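The values are calculated or read from the model by the stated rules, or taken from the named source; none is laboratory data. All of these numbers come straight from a predicted model, not from anything done at the bench. So basically every Cβ, Gly included, is an ideal-geometry build from the backbone, and we count neighbours across all protein chains shown.
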Amino acid sequence: MKSLKTYFLDSLKKGYCLGAYNFVNFETLKGIFEGCKKTNSPALACVSEGAIKYLGERTVKALFDSLKKEYNLPIFLHLDHGKSFEICKKAVDLGFDSVMIDGSSLPYAENVKLTKKVVSYAHKKGVLVEAELGVLAGIEDTVSAEKNIFTNPEQAYDFVSKTQCDTLAVAIGTSHGAYKFKGEQKLRFDILKQIQTLLPKTPLVLHGASSVPEKYVATINNFGGSLEGAQGVQEKLLSKCAQKFNICKINTDTDIRLAYFATLRQHFVENPKNFDLRNPNKLAIQEISELVAHKNIKIFGCKDKI
């Protein structure tokens, strides 16, 4: 089976990207595997620090290993938004394929120092390291910020040169959570183009890139939820990032949650006598798999890239 690094390099050459899908339980993880099976696609299954605390680190690894063995797909386990050397080291030691050290909230010099430390440790174990430069607004799990700070292209070049990180998450106008835009949607493709020019061989990463499908928002609101005004990134903008720039990994967390909750809310309202979780969970797995398959084909362009 090809390595994650091989897929990143291949995506640079061929103009597609890998979906990076967050999971928090068995059902969301199985939906990710099912979706990638439908499209014959490589991907990353991501866990945040919050998800690790919820499930337990060994449960995370056991769930992933079990499904990877069952499906035999090039899906790679990734730590999302690790905020310290200790959590990254723990993930490396557990056998994660990739870790993200998120020092984006630190002063630049401290971000460089922390990232170099993680890279030095992870590379000895053959684990890839993602770093972040710039700040995304919004809230996702334990990560939050009030406003965007766009990535500086010249600083990005200096950062990658000094840290030797494998991939770099950039801030060009996306944001975490379900409320990404008010009014016209804009991404700073001019900044992205400058970064790509300076770092032509570095795979770039886009966080805060859920599209927040209207059908899930409507279903949640129709069945007792309250997500008025939720808005994500238009799919055409994400496709442009994947096909025309060096964005080789696009993260999706909110959309997975929305698909799961929309399915459960509708089922329990329409079936008030049901108290068997297997029934709605099977439907949720199917819905998540269809969402993942759609993204792999229509947005990320990674269908049949195994």
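What number of residues within region 214-260 are surrounded by fewer than 15 Cβ atoms within 10 Å (Cβ to Cβ) and touching a strand residue (DSSP E or B) at 6+ places or on another chain (Cβ under 8 Å)?
Selection size over region 214-260: 1.
Could you run through region 261-289 and say how many residues are over 26 Å from the mean Cα position of the chain (by Cα) and among the basic types (Lys, Arg)?
Counting residues in region 261-289 that are over 26 Å from the mean Cα position of the chain (by Cα) and among the basic types (Lys, Arg) gives 2.
Using the structure shown, decide if residue 205 is under 27 Å from residue 79 (Cβ atoms), outside any strand (DSSP E or B) and in contact (Cβ under 8 Å) with a residue 40 or more places away in the chain.
No, not satisfied.
When you scan region 249-267, do you find a residue that is within 30 Å of residue 284 (Cβ to Cβ), touching a Leu at 6+ places or on another chain (Cβ under 8 Å), of a type in the set (A, V, I, L, M, F, W, C) and outside any helix (DSSP H, G or I), even just one?
Yes, some residue in region 249-267 is within 30 Å of residue 284 (Cβ to Cβ), touching a Leu at 6+ places or on another chain (Cβ under 8 Å), of a type in the set (A, V, I, L, M, F, W, C) and outside any helix (DSSP H, G or I).
Note down all Cβ pairs under 8 Å where the first residue falls in region 51-76 and is in contact (Cβ under 8 Å) with a residue 40 or more places away in the chain, the second is part of a helix (DSSP H, G or I) and of a type in the set (Lys, Arg), and they're at least six residues apart or on different chains.
Going by the 8 Å Cβ cut-off, the qualifying pairs are 73/37; 75/68.
Among (1) part of a helix (DSSP H, G or I); (2) surrounded by fewer than 21 Cβ atoms within 10 Å (Cβ to Cβ); (3) in contact (Cβ under 8 Å) with a residue 24 or more places away in the chain, where does residue 303 come up short?
Among (1) part of a helix (DSSP H, G or I); (2) surrounded by fewer than 21 Cβ atoms within 10 Å (Cβ to Cβ); (3) in contact (Cβ under 8 Å) with a residue 24 or more places away in the chain, residue 303 violates only (1).
Do you know which residues across region 206-228 are within 29 Å of residue 18 (Cα to Cα) and either over 23 Å from the mean Cα position of the chain (by Cα) or hydrophobic (A, V, I, L, M, F, W, C) (or both)?
Listed by number, the residues that qualify are 206, 209, 212, 217, 218, 219, 220, 227.
Looking only at region 219-236, count every residue that is assigned to a loop (DSSP other than H, G, I, E, B), in contact (Cβ under 8 Å) with a residue 40 or more places away in the chain and either touching a Gly at 6+ places or on another chain (Cβ under 8 Å) or not hydrophobic (A, V, I, L, M, F, W, C) (or both) and tell me the total.
6
Would you mind stating whether residue 239 is closer than 22 Å to residue 46 by Cα, in a helix (DSSP H, G or I) and either in contact with a Phe, Trp or Tyr (Cβ under 9 Å, 6 or more places away or on another chain) or modelled with pLDDT of 95 or more (or both)?
Values: closer than 22 Å to residue 46 by Cα: yes; in a helix (DSSP H, G or I): yes; either in contact with a Phe, Trp or Tyr (Cβ under 9 Å, 6 or more places away or on another chain) or modelled with pLDDT of 95 or more (or both): yes.
Yes: the conditions hold for residue 239.
I'm trying to understand the selection: among the residues of region 109-135, which are of a type in the set (Ser, Thr, Tyr) and either under 13 Å from residue 205 (Cβ atoms) or out of contact with any helix residue (DSSP H, G or I) (no Cβ under 7 Å at 6 or more places or on another chain) (or both)? Walk me through it before giving the result.
Going residue by residue through region 109-135, those that are of a type in the set (Ser, Thr, Tyr) are 115, 120-121.
Correct list: 120 only.
Show the residue pairs meeting these rules: Cβ distance below 9 Å; 6+ apart or different chains; first residue within region 277-292 and under 19 Å from residue 212 (Cβ atoms); second residue modelled with pLDDT under 95 and surrounded by fewer than 20 Cβ atoms within 10 Å (Cβ to Cβ).
What qualifies is 291/213.
For region 84-93, state whether one or more residues are assigned to a helix (DSSP H, G or I), basic (Lys, Arg) and touching a residue at least 12 places away in the same chain (Cβ under 8 Å).
The answer is yes; a qualifying residue exists.
May I ask you to list the residues in region 171-200 that are modelled with pLDDT of 95 or more and not in a helix (DSSP H, G or I)?
199, 200
Identify, by number, the condition in (1) touching a Lys or Arg at 6+ places or on another chain (Cβ under 6 Å); (2) surrounded by 19 or more Cβ atoms within 10 Å (Cβ to Cβ); (3) more than 22 Å from residue 242 (Cβ to Cβ) that residue 94 doesn't meet.
(2)
Among the residues of region 145-154, is there at least one that is among the acidic types (Asp, Glu), modelled with pLDDT of 85 or more and crowded, with 18+ Cβ neighbours inside 10 Å?
Within region 145-154 (the criterion being among the acidic types (Asp, Glu), modelled with pLDDT of 85 or more and crowded, with 18+ Cβ neighbours inside 10 Å), the answer is no, since none of the residues qualifies.
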